[in-house]
Amino acid sequence: MQKFSYHTHTNFSDGRNSIAEMINHAERLDWQEIGISDHLIVHKNVRQSLSWPRWEKCTNTPVYYFDFKKATDDFCRHKEAVHKEAKGRNIKVRVGAEVDYFVYDGWIEEFDEFRRKTELDYYISGNHYLQPNNGNDILDMIETTLLPPKEIEKLLKQHFNCICQAIESKKFLFIAHIDYARNRACCGDNDYIEEKRNIVKCLQKNKIFTEINTKGLRKNKNFYPTNWLLKEIISSDIPLIISDDAHCTEELGKNFLEAEQLLKNINCKNRYNL
Ligand SMILES: [Zn+2]
Ligand SMILES: [Zn+2]
C-alpha cells in the first residue's frame, strides 16, 4: 500500500493541524515520506470577488492573497518552519504548494518569480475557482447559482481548459482532483465529457501524472476523478498517485485501502513511485 502523500494541508492554510502534528502522525503511520502542500491562491482581484465576504470570514489564516509579495514572504517562512520541524527525523519531508492556476495577464510571470524566490520542492495544480471576465475575476463555484445557464457553461468550459493550460505549463509535478467542479453541484459526473477527455489527452501528451483523491469519497461518496474518468486515465497509461488531501491528522492516509482496492480492480499498473 502507498505509504506517503504529497497532497496535505496544515494550519498554515486551511488545514486544522500544525506542521509538527502532521509529521508526527505520518511517522506514527510508518510513512517513508510526506509532502506538505498548502494552498497558494493569489489573484489580483480576490477582494473584489463576489465570494470575498464569505472567504474573508471563513478563515483565520491568509489562504487568499491579492499579491504575490506577501505570499512569497509567508511561504519562505513556512518553508523554513517545515525544514526546522523535519530536522533529525527518519521521515523525509518535502514542502510544496497546491496552486490555483489563474489565467489573467501577468499571473504566470509572478508565479515564476514566486518559484524562484521560494524554491519549494514541488507544485500541484488544483483549481477550485471559476474565472469570469477572461480570468480577471475569481468566483467560487457555488456562486454559479446566481448566473444564467449559458454563462455557467462558458465558465465551466473555461475552467476545464484552464486545467489543460496548467498541464501544458509543465510547472506542476501533478494535477489534483480534475473533476473537482462536481463538488460544488454545478457539474454532474457525466457533464462536459469532451472537456474532461481533453484533460486526459493533455496529461498523456505532456507526460504529467494525476491523483486519485480520497477526499472526493468523504465529500460526495466517490473518488476524484469519478469512475469512467479514472478508467480513461488508466487506459491512457497516465501514472496515478493516491492523495488523501488531508486537512487534519486523522485524514492522513484516509481511505487509501479503498483506493488501492479500486485501482487493483480496474487493473491500474502505472503508479507514481518515490
Ligand atoms: Zn484542492
Ligand atoms: Zn488540497
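The values are calculated or read from the model by the stated rules, or taken from the named source; none is laboratory data. From a predicted model like this one, the values you see are computed outputs, not experimental measurements. Note that each Cβ is placed from the backbone with ideal geometry, even for glycine, and that neighbours are counted across all protein chains shown. Surface areas here come from the heavy atoms of the whole protein model, side chains and all, with no ligands, DNA or RNA. Shrake-Rupley method; radii C 1.70, N 1.55, O 1.52, S 1.80 Å.
As a summary of the residue check, residue 128 satisfies the conditions (1) in contact with a strand residue (DSSP E or B) (Cβ under 7 Å, 6 or more places away or on another chain); (2) within 16 Å of ligand 2 (Cβ to nearest atom); (3) not acidic (Asp, Glu) except for the one numbered (1). Any residue in the stretch 192-206 that is out of contact with any Leu (no Cβ under 7 Å at 6 or more places or on another chain), open to solvent by 30 Å² or more (accessible area, probe 1.4 Å), farther than 28 Å from residue 69 by Cβ and within 16 Å of ligand 2 (Cβ to nearest atom)? No, the stretch 192-206 has no match at all. Kindly indicate whether any position in the stretch 25-32 is within 20 Å of the chain's Cα centre (by Cα), away from ligand 1 (no atom under 16 Å from the Cβ) and of a type in the set (Lys, Arg). Scanning the stretch 25-32 turns up no residue that is within 20 Å of the chain's Cα centre (by Cα), away from ligand 1 (no atom under 16 Å from the Cβ) and of a type in the set (Lys, Arg).
Working only within the stretch 159-191, note down all residues that are farther than 25 Å from residue 242 by Cβ and either surrounded by 22 or more Cβ atoms within 10 Å (Cβ to Cβ) or free of Cβ contacts under 8 Å to residues at least 40 places away in the same chain (or both).
161, 191
Listed here are the helices (runs of 4 or more DSSP H) enclosed by the stretch 164-274 that have at least 2 residues being under 19 Å from the mean Cα position of the chain (by Cα), at pLDDT 95 or above and under 27 Å from residue 18 (Cβ atoms): 256-265.
Of all residues in the stretch 257-269, those that are closer than 17 Å to residue 29 by Cα have Cβ atoms under 9 Å from Cβ atoms of residues that are open to solvent by 100 Å² or more (accessible area, probe 1.4 Å) and at pLDDT below 95, 6 or more apart or on another chain, in 257/1; 260/1. I want to confirm something. Restricting to the stretch 3-36 and keeping residues that are part of a helix (DSSP H, G or I) and surrounded by 21 or more Cβ atoms within 10 Å (Cβ to Cβ), which single residue is nearest to ligand 2 (Cβ to nearest atom)? Only one residue fits best here, namely 22.
Hey, does the stretch 49-60 have a residue that's more than 20 Å from the chain's Cα centre (by Cα) and modelled with pLDDT of 95 or more? No, the conditions are met nowhere in the stretch 49-60.
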